[in-house]
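To start, the structure under review is shown below, and the notes come after it.
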Amino acid sequence: MGKQVAIIGAGISGLLACKYTLSKGFHPIVFENSSSIGGVWTKTVETTKIQTPKEFYQFSDFPWPSSVTEGHPDQNQVLNYIQSYAQHFDLLKHIKFNNKVSGIEYEGPSGDEMQAWSHWGGTGEPFSSGGKWKVVVEDKQSLSTKIHVVDFVILCIGRFSDVPNIPEFPPNKGPEAFHGEVIHSMNYADMDYESAAKFVEGKQLAVIGFSESISNLYTSEMRCRWLAELLGGTFKLPSIKEMEKDVEKWDAYAKRYASSQYYRRSCIGALHLWYNDQLCKDMGWNPKRKKGLFAELFEPYGPMDYASS
Ligand SMILES: Cc1cc2nc3c(=O)[nH]c(=O)nc-3n(C[C@H](O)[C@H](O)[C@H](O)COP(=O)(O)OP(=O)(O)OC[C@H]3O[C@@H](n4cnc5c(N)ncnc54)[C@H](O)[C@@H]3O)c2cc1C
């Protein structure tokens, strides 16, 4: 039997991971906490639209249908598009809905032995011969818990799931200092359109906090393709030391604009292109994806540039 790969989450990243691991002959099993696919797109108010033009928010081998004429499709259109993608590539049968992963454990060599490894898994191979992953899954419908033993685990849990990140406030300087109702944006997004409209009707609103996720459909797709190629043996990872050094370098680069008190988050916006170039090189692709020097110099890169040639 082929290797079993557990994928946690059936948002855009989980679906992509499922599709690309299947394409390499693996057996993916996707655990999704909720009852449907689409992740964040199932939890936004109906009026939400994608911020990037749709040409930059599409799967490289599955363009938007011609029936969607809007430049920035809305939540329902995005969900329909994701659903068609999953149906087209027959991914739904690999997904276990209402299945929440509550724990993951690696069972194999001792901690001391692993500490001594110079390469991933001891040998540099993606799959370890001596170890397996135990994935603890709670079935929310039958209220039972099952342990799945798999060869590899891919986390596709997104950045906005489940637990709201609420800061700790000094006494009497938190929500109680505000004479009104205070809710986290996740609770607002959980409301249906009518409840959300009613909630804000006639109120003055203060929105606290703002963040761009900079997560992006085609970068997720590139990562999943890279991972599938790694699992398929197209290339090997460098030593753990080299990877740690590289992580430090990336971290320093990503934070180089982070000195201002108002801009403390790392910035990866400028890195997409360079990052995708590295993924292409690892996979043995030419990172210059455009046809002709003029296009290479002046045309922005988008999902279709990374379609298989
Ligand atoms: C309002 C909004 C607008 C956006 N607009 C754009 C845009 O215009 N352009 C762009 O490039 N990006 C945009 N994004 C970014 C968007 O986040 C990504 O494009 C993409 O949808 C993220 O998918 P994901 O699969 O990585 O994560 P998610 O969609 O968050 O999916 C994660 C999934 O994992 C599941 N999960 C989590 N924990 C567990 C667990 N323990 N067990 C089982 N399942 C679990 C969750 O239920 C969820 O279904 C937007 C995001 C939002 C919120």
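The values are calculated or read from the model by the stated rules, or taken from the named source; none is laboratory data. Source: prediction; values computed, not measured. Because the Cβ atoms are built from the backbone with ideal geometry, glycine has one as well, and the counts that use them run over all protein chains shown.
Residues checked against (1) buried (at least 16 other Cβ atoms within 10 Å of the Cβ); (2) at pLDDT 95 or above; (3) assigned by TED's automatic domain parsing to the domain that holds VAL135:
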residue	(1), (2), (3)
LYS43	yes, no, yes
THR47	no, no, yes
TRP64	yes, yes, yes
HIS94	yes, yes, yes
PHE97	yes, yes, yes
Filter result for SER220 (under 28 Å from ILE37 (Cα atoms), within 14 Å of the ligand (Cβ to nearest atom) and assigned to a helix (DSSP H, G or I)): yes
Which numbered condition GLY25 misses (of (1) small (Gly, Ala, Ser); (2) modelled with pLDDT of 95 or more; (3) at negative phi): (3)
VAL78 being within 25 Å of VAL135 (Cα to Cα), within 11 Å of the ligand (Cβ to nearest atom) and of a type in the set (Val, Ile, Thr): no
Checking HIS148 against (1) without any contact (Cβ under 8 Å) to a residue 24 or more places away in the chain; (2) outside any loop (DSSP other than H, G, I, E, B); (3) within 15 Å of the ligand (Cβ to nearest atom), the condition it does not meet: (1)
Checking TRP133 against (1) more than 12 Å from the ligand (Cβ to nearest atom); (2) part of a helix (DSSP H, G or I); (3) surrounded by 14 or more Cβ atoms within 10 Å (Cβ to Cβ); (4) at pLDDT 90 or above, the condition it does not meet: (2)
Any pair with Cβ under 6 angstrom, 6 or more apart, that starts in segment 30-55 at a residue that is more than 6 Å from the ligand (Cβ to nearest atom) and ends at one that is part of a loop (DSSP other than H, G, I, E, B) and aliphatic (A, V, I, L, M): VAL30/ALA10; ILE37/ALA10
Pick from segment 56-75, criterion in contact with a helix residue (DSSP H, G or I) (Cβ under 9 Å, 6 or more places away or on another chain) and not in a loop (DSSP other than H, G, I, E, B), ranking: farthest from the ligand (Cβ to nearest atom): PHE62
Residue tally, condition away from the ligand (no atom under 14 Å from the Cβ) and assigned by TED's automatic domain parsing to the domain that holds GLU32, over segment 152-205: 1
Residues within segment 1-29 that are in a loop (DSSP other than H, G, I, E, B), in contact with a strand residue (DSSP E or B) (Cβ under 6 Å, 6 or more places away or on another chain) and within 14 Å of the ligand (Cβ to nearest atom), tallied: 1
Condition check for LEU230: modelled with pLDDT of 80 or more, surrounded by 15 or more Cβ atoms within 10 Å (Cβ to Cβ), part of a loop (DSSP other than H, G, I, E, B) and among the aliphatic types (A, V, I, L, M): no
Meets criteria (over 26 Å from ALA6 (Cβ atoms), touching a strand residue (DSSP E or B) at 6+ places or on another chain (Cβ under 9 Å) and assigned by TED's automatic domain parsing to the domain that holds PHE26) for GLU70: yes
Top-ranked residue of segment 137-186 - restricted to ones that are among the aliphatic types (A, V, I, L, M) and farther than 30 Å from TYR106 by Cβ, ranked as surrounded by the most Cβ atoms within 10 Å (Cβ to Cβ): MET186
Residues being under 13 Å from ASP139 (Cα atoms) and either more than 13 Å from the ligand (Cβ to nearest atom) or touching a residue at least 60 places away in the same chain (Cβ under 8 Å) (or both) - total across segment 89-105: 7
Residues being closer than 26 Å to LYS3 by Cβ, of a type in the set (A, V, I, L, M) and outside any strand (DSSP E or B) - total across segment 151-180: 1
Subset tally (residues that are of a type in the set (Lys, Arg) and under 24 Å from the mean Cα position of the chain (by Cα)) for segment 146-181: 1
